[in-house]
1. May I ask you to sort 40, 46 by Cβ crowding, counting other Cβ atoms within 10 Å and putting the fewest first?
2. Over all distinct alpha-carbon pairs, what is the Kirkwood Rh of region 1-48 in angstrom?
3. So how do 30, 9 line up by other beta-carbon neighbours within 10 Å, fewest first?
């Protein structure tokens, strides 16, 4: 189980870094979010517990700033 989770996350990080090199920060963010969800699904399929919510459905952000609005520092 952990090897599959590791591989899922490692590959997503590699993909996200490539996307950031191309300055496609939104796609990089989505790739990481989907990988996070996939890894959690792998974990709960073994554990039998429901996944935790990252943000509750009624969550309202405090401001509209996104770290993806600025270029990734080198």
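Here, each number is a calculation from the coordinates, and none is a lab measurement. Since the structure is predicted, the reported quantities are computational estimates derived from the model, not experimental observations. Backbone-built Cβ (ideal geometry, glycine too); neighbour counts: all protein chains shown.
1. Neighbour counts put them in this order, fewest first: 46, 40.
2. In region 1-48 this quantity evaluates to 10.9 Å.
3. Numbers: 30 13, 9 16.
By the 10 Å Cβ count, ascending, the order reads 30, 9.
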